[in-house]
Each structure stands twice: as structure tokens, then as C-alpha cells.
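Structure first, then comments.
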Amino acid sequence: MTQRAMNRLEREFDDESTGVPAAGSEYEKRVLLDELLERVRHHSVRFLADVSRSPRSLRVRAGDVSFDIEWSESGHDVMEAGDTASVVTERGDAVTREHDSLVSPTVGVYYEAPEPGAEPFVRAGDAVEQGQQVGIVEAMKLMIPVRAERACRIVEPLKANGESVEYGEALFTVTSVDED
Amino acid sequence: MFDKVLIANRGEIALRVARACREMGVRTVAVYSTEDSESAVVSYADEAVRIGPGPSKRSYLSIPAVVEAALRAGADAVHPGYGFLSEDADFAEVCTDNGLVFIGPPSEVTARLGDKTAARGLMSEAGLPLLPGSLDPLSSAEQAHRLADDIGYPVIIKAAAGGGGRGMRVVHDSAEFEAAYQETRAGALALFGDPQVFVERYLPNGRHVEIQVLADRFGNAVHLGERDCSVQRRHQKLIEESPAPRLPSGLVEEMGRVAVQGALAAGYVGAGTFEFLVSPDGEFSFMEVNCRIQVEHPVTEMVTGVDLVQEQLRIAAGHPMTLRQEDVAVHGAALECRVNVENPDAEFAPTPGVLREFRPAGGPFVRVDTHGYPGYRVPASYDSLLAKLIVWAPSRQRALDRMDRALEEFRVEGAGVRTTIGFLREVVADPGFRAGEHDTTIVDRILRERGEPGSRSSGEGVSGAA
């Protein structure tokens with residue numbers, strides 16, 4: 001392996017590593033790895049028992065070991081052809097009829113603020129104007145602004161920052177401004 | 001020949017490579033992320049290995065995950081497709097170090113050609129014509145500014161480590177240069193992890209014409225004609241064709257000759273593409289080398305009858321190329337349209353989702369390379385390319401008629417899903433495009449002509465995307 005590739009691999013390890021001392025022999029490494037895995041597994045199970053809502057994914061990292069679990073989202077985990085489409089459409093239609101939500105323009109990942117750590121675009125109780133940006137949905141590495149299709153007041157944000165959203169899925173419940 | 005090939009990619013190209021392998025009696029291993037478990041190649045390939053979660057960084061871009069999958073599956077070679085790790089010299093090297101044949105050029109060739117400044121220097125020495133611009137890395141903003149003033153405006157600033165049409169900026173006036181220079185450097189650092197940029201003259205009305213080459217490890221190299229990829233939006237190709245319409249006679253032969261010269265000078269092995277910019281007066285200049293199979297490779301396959309992916313496999317397996325330059329003949333005309341899940345009425349914003357209906361075009365001389373099927377959920381984590389629609393006909397005019405017919409047949413429906421099909425039909429019907437008189441500004445012109453940006457509608461029940 002050339003120096004260039006070595007440097008890069010070391011860099012990648014440094015990024016991931018949290019300073020567990022390197023073991024000597026292959027055998028010691030294996031034992032250390034097994035211990036780490038066992039500990040990570042133990043912590044994961046305990047952590048899962050403590051949380052009230054079931055998470056979508058969990059990543060636990062210790063030293064060079066990381067442990068990833070993903071659960072399919074309830075609602076479209078079965079992925080029968082056609083099913084999801086109709087579920088989404090029904091949801092979208094319901095939303096349109098009741099005029100009480102702002103919905104996602106596309107499948108993607110929802111963000112409440114222009115950048116990490118910044119103030120959210122809107123909060124509960126805010127009045128928004130038609131065309132005002134209320135969030136971002138990231139799809140295919142593009143940040144797509146979500147805009148209010150009409151003037152309204154935000155009642156409640158329904159999605160957490162970084163959560164996956166469907167096309168037409170409600171992001172906020174709203175009331176019309178003249179009902180205030 | 002190989003016994004088993006791991007395909008380190010997803011989508012239509014993974015399926016394309018798996019098909020080539022199957023025809024050659026080579027077993028295939030697909031890799032996939034958790035988001036791609038329903039992907040077409042997963043069920044098509046002989047084996048499939050899940051290599052990580054949805055984000056590419058931890059699956060398709062993770063060198064340890066891909067190499068581990070290849071070793072465990074007992075693969076003897078890795079095909080990287082395009083994008084992802086295909087032009088990552090370190091990946092090629094790690095494959096080699098682990099006893100896996102990397103189906104592509106040697107890592108040091110990819111590393112040298114991947115640095116755009118180094119590639120310009122190398123090709124200039126090999127006798128390829130270049131646009132006026134920098135041949136060495138720029139040391140300071142002042143030096144870059146002096147160079148730009150010498151070249152004359154407009155100039156384009158590009159990331160040395162860039163590619164795929166990203167990380168570049170056009171400067172029309174000397175007063176704007178230093179700000180643009182700093183912004184491009186910042187962008188290059190963010191996108192590619194390397195702030196180096198270079199400067200060259202910008203041709204606003206140029207055409208993008210590229211030459212396909214094949215080279216083996218015994219010093220044999222041929223070219224397989226050209227592809228015109230001038231129909232682009234934001235530097236992303238939408239339609240490609242071969243032959244390139246209305247080029248001065250002898251130009252393609254000359255471009256092909258120098259591309260082969262460049263490939264030999266670089267020690268190139270495998271399938272590669274030399275990109276050129278052709279000016280309105282028929283002068284051509286070298287832009288860059290793409291060290292991979294390209295999205296648009298089928299148009300070359302259709303006019304030459306050469307299966308480029310199978311050639312890649314044979315060359316990587318160490319066979320001397322049997323194809324000689326005099327065997328390569330171009331017949332008729334081929335076009336490729338990229339069917340993307342994007343909304344052309346909303347600045348081509350991506351529209352992933354579930355395909356309630358998916359009915360590709362068919363009929364004579366029509367080829368569709370796609371991973372789509374009815375009920376497929378196009379994930380939001382990857383790119384928007386859903387299908388490549390390729391047609392062949394004896395002449396360009398008849399190929400255009402055939403493409404229009406095929407686009408009309410192609411049906412894609414789904415909640416929130418929009419495609420480029422309608423827009424592609426507009427381009428195919430455009431008189432300037434039909435006459436072959438277009439350049440890289442054609443998409444912007446058509447968008448300007450079809451109405452004001454404010455006229456876009458927000459779909460029903462949708463908050464509306466910009």
C-alpha cells in the first residue's frame with residue numbers, strides 16, 4: 001500500500017477512533033474487539049429499554065467498534081408494491097380536504113432550520129404569509145425549501161428535525177388566519 | 001476470465017454490469033444499502049451483500065465495507081460503475097492490495113488524471129490542444145488574477161479535484177475575479193476536500209463532444225468515435241448522441257487520433273472518455289479525462305456494436321484487445337435521453353417516491369437501461385436518474401422521430417413523482433436541436449422561451465417547492 005492510501009486510512013481511523021489503546025497481537029485485538037462488542041451490545045439494549053418511543057436507527061460507537069441497527073418505519077415497512085403509494089395519497093388527500101396542515105413537497109429528510117444549531121424557520125403560534133419558507137426537505141442531496149401555500153398560523157410542528165418524511169405528509173398543523 | 005465479480009454500485013448501472021457478466025458466464029455479487037433492499041440488482045445478481053445504512057458515505061462510499069464484502073463473497077474482481085468509488089484511486093489501490101482486480105485504470109493513472117491541473121499538463125505534453133489557462137497549480141489570488149487578465153474574459157474557475165459539473169464558476173469581468181476565486185476555492189474545499197482551482201478561457205457557445213477510448217495493458221488503444229453531450233442543465237447532461245451533428249469533416253478523426261495519443265501517454269487501461277469543448281468555428285480543446293464507464297456509454301454501443309462493459313471485463317482480466325481501429329465503424333445514429341425523477345417546472349427539483357405506474361418504451365431499436373419497476377420506491381438518498389432511453393436509426397432525423405415516439409410511450413406515475421420525459425420531448429422537438437445547431441446553452445434557451453419562472457404551479461396539496 002502506498003503512503004497516500006496509508007495516510008488516508010489512518011485519517012479515517014482517527015476520525016472514528018475515541019482513543020481505545022491499541023492492542024498488540026492479533027489474538028489480543030480479537031479479544032478486545034469481542035469485549036467491546038459485548039459492552040456496546042449491553043449498552044444498546046439498556047438504552048433501548050429506557051426510551052419511550054421506538055427509534056428508527058441506533059448507532060453506538062466505542063473505539064474502533066461501531067454498532068448500527070435500523071428498523072423499518074411503521075406504516076410502510078411491508079413495502080408491498082402499490083400499498084405505500086395509496087397510503088400516501090390518502091394521507092395527502094385528507095390533508096387537502098381539511099385545510100389544516102402544511103405538507104411536504106417530496107419524499108426526503110425534514111429540517112426545521114436553515115443550518116444546524118440555527119433558529120427554526122417557524123415556531124408554534126407564528127403567523128406565516130403565503131410563500132414564506134417554513135422548513136427544508138432534503139432529497140437527492142438538494143435542499144428544497146418548503147413554503148406555506150397560503151397565509152396561516154402554525155399550531156404545532158409535527159416532525160422532528162432530521163426525520164424522514166413522505167410526499168404529502170403533514171409537517172405542521174395550522175389554522176387559517178381569519179379563524180384567529 | 002473472472003469467476004465472480006462484485007459490483008460496487010447501485011441503480012441502472014449495477015444492473016447493466018450484472019447483465020454483461022451474465023452473458024459472459026461470470027457470477028455476480030451485488031452490494032446494497034438498507035435503503036436499497038428492494039433494488040432491482042439485488043434480486044438479479046447471483047448474490048447480494050448488505051454493506052451499510054442509507055447514507056452513501058457509510059455504504060457505497062465506504063471502502064472497508066465494499067472490500068470486506070468482496071473478500072467474504074470470494075469475488076476476484078470489482079466493477080465500480082460510475083460515480084461513488086469509480087474514480088477513487090485509493091479504492092483501486094486497496095482492491096489491488098487485497099488481491100481483487102479493480103476493473104478500471106491503474107490507481108496511479110486515475111490519481112494523475114483526477115487532478116485536473118496535472119491532467120492538463122500531461123495532455124499538453126502529449127500534443128492535445130488546450131484552452132488558454134493555467135498548467136501549474138495557482139499559488140495566489142494575485143497570480144490567478146493576472147493569468148485571467150492575460151487570457152481575457154470570460155474565464156472559468158474550476159476545482160482541480162472537481163468533476164461531474166460541480167465546483168466551477170464563470171467570471172465575466174476582471175473586477176469580479178477575486179471574489180469568485182475565493183468562493184470557488186471554498187466550494188472546492190467543501191465539495192472535494194481540496195481547495196485547489198485552475199483558470200481557463202470560457203467558451204459560452206461551445207459544444208461538449210467526447211471521445212470514447214479503449215486501451216489494454218499491452219499498449220493497444222482504439223477510439224470508438226464521439227458523443228455530443230451539449231444538452232445540459234447546470235452542467236448535468238440530459239441528452240447525448242452519436243455521431244455529433246454538423247461537425248466539420250475530419251474533426252472527429254483528429255479528436256480520436258489525439259485521444260488515443262493521450263491515452264497511450266497516460267498509460268491508460270480500460271474504457272475511458274476524453275472530453276473536448278468544440279468552439280463555434282470548429283476548434284477543439286481538451287477538457288478532462290473520465291476514468292470510468294460513463295452514463296452515456298450506450299449511444300456508442302448502439303452505433304459501433306461494441307459492448308463496452310464486456311470489453312472492460314476482458315481488458316481487466318488481462319486479455320489483449322482484439323478490436324483494431326480499422327474494425328471500428330459507426331453505423332447510423334443513436335440518442336440517449338435521461339429520464340430523471342425531477343420536476344422541470346420547479347427548476348428540476350428531485351421528486352423521489354413510489355412508482356405506481358412504470359411502463360418503459362419498447363419497440364424496434366429501442367433500449368431502456370433502468371432499475372425501475374412498478375411499485376419501486378425511488379429513494380431520496382441517491383441521484384435522480386431512473387432510466388436511460390436509447391434509440392437507434394439509420395439517420396439522425398429518423399432517430400429523433402423514434403425518440404419522440406418512445407418518449408410518448410414511456411409512462412411513469414406516482415404520488416409526488418415527476419419526470420423529465422415531457423421536457424425531453426420539448427427538446428427533441430426544438431427546431432434548433434433537430435437541425436443540430438444547438439450548443440450547451442440550449443436548455444436555458446428553451447426554459448426561457450417556454451415562459452416565466454413564476455408561472456410554475458404548485459401541485460395539489462403540496463406546499464410547493466422552489
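The values are calculated or read from the model by the stated rules, or taken from the named source; none is laboratory data. Since we're looking at a predicted model, the values are computed, not measured. Counting neighbours? That spans all protein chains shown, and the Cβs are built from the backbone with ideal geometry, glycine included.
Residues in region B:89-117 that are within 14 Å of chain A (Cβ to nearest Cβ) and closer than 20 Å to residue B:274 by Cβ: B:89, B:92, B:106, B:107, B:108, B:109, B:110, B:111, B:112, B:114, B:115.
Considering only residues in region B:350-372 that are at the interface with chain A (Cβ under 9 Å from one of its Cβ atoms) and touching a Phe, Trp or Tyr at 6+ places or on another chain (Cβ under 6 Å), the one that is surrounded by the most Cβ atoms within 10 Å (Cβ to Cβ) turns out to be B:353. The set of residues in region B:55-88 that are surrounded by 19 or more Cβ atoms within 10 Å (Cβ to Cβ), among the small types (Gly, Ala, Ser) and outside any helix (DSSP H, G or I) comprises B:59, B:62, B:75, B:77, B:81, B:83, B:86.
What about residue B:227, is it part of a loop (DSSP other than H, G, I, E, B) and either β-branched (Val, Ile, Thr) or not assigned by TED's automatic domain parsing to the domain that holds residue B:80 (or both)? Before the answer, list the steps.
On the way: part of a loop (DSSP other than H, G, I, E, B): no; either β-branched (Val, Ile, Thr) or not assigned by TED's automatic domain parsing to the domain that holds residue B:80 (or both): yes.
Criteria not met by residue B:227.
Of the residues B:418, B:405, the single one that is closer than 30 Å to residue A:162 by Cβ and at pLDDT 95 or above is B:418. Considering B:54, B:121, B:81, the condition of being under 27 Å from residue B:310 (Cα atoms) and not acidic (Asp, Glu) is satisfied by B:81 alone.
Out of the residues in region B:382-399 meeting the condition of being of a type in the set (Gly, Ala, Ser) and surrounded by fewer than 21 Cβ atoms within 10 Å (Cβ to Cβ), tell me which one is farthest from the other protein chains (Cβ to nearest Cβ).
B:395
The residue list B:347, B:342, B:326 contains one member that is within 14 Å of another protein chain (Cβ to nearest Cβ), charged (D, E, K, R) and surrounded by fewer than 21 Cβ atoms within 10 Å (Cβ to Cβ), which is B:347. Considering B:86, B:39, the condition of being outside the structural domain of residue B:261 (by TED's automatic domain parsing), among the hydroxyl-bearing types (Ser, Thr, Tyr) and more than 26 Å from residue B:217 (Cβ to Cβ) is satisfied by B:39 alone. Within region A:47-63, restricting attention to residues that are basic (Lys, Arg) and under 17 Å from the mean Cα position of the chain (by Cα), the residue that is modelled with the highest pLDDT is A:59. Here residue B:254 clears all of (1) surrounded by 14 or more Cβ atoms within 10 Å (Cβ to Cβ); (2) within 19 Å of residue B:123 (Cβ to Cβ); (3) in the same structural domain as residue B:367 (by TED's automatic domain parsing) except the condition numbered (1). Residue A:112 meets each of the listed conditions (1) of a type in the set (Asp, Glu); (2) over 21 Å from residue B:377 (Cβ atoms); (3) within 10 Å of another protein chain (Cβ to nearest Cβ) apart from (3). For region B:431-438, the criterion of being among the basic types (Lys, Arg) and in a strand (DSSP E or B) is met by none of the residues. Within region B:232-262, the residues that satisfy the criterion of being touching a Phe, Trp or Tyr at 6+ places or on another chain (Cβ under 7 Å) and either of a type in the set (Gly, Ala, Ser) or in a strand (DSSP E or B) (or both) are B:233, B:259, B:262. Of all residues in region A:150-167, none are aromatic (Phe, Trp, Tyr) and either free of Cβ contacts under 8 Å to residues at least 60 places away in the same chain or surrounded by fewer than 17 Cβ atoms within 10 Å (Cβ to Cβ) (or both).
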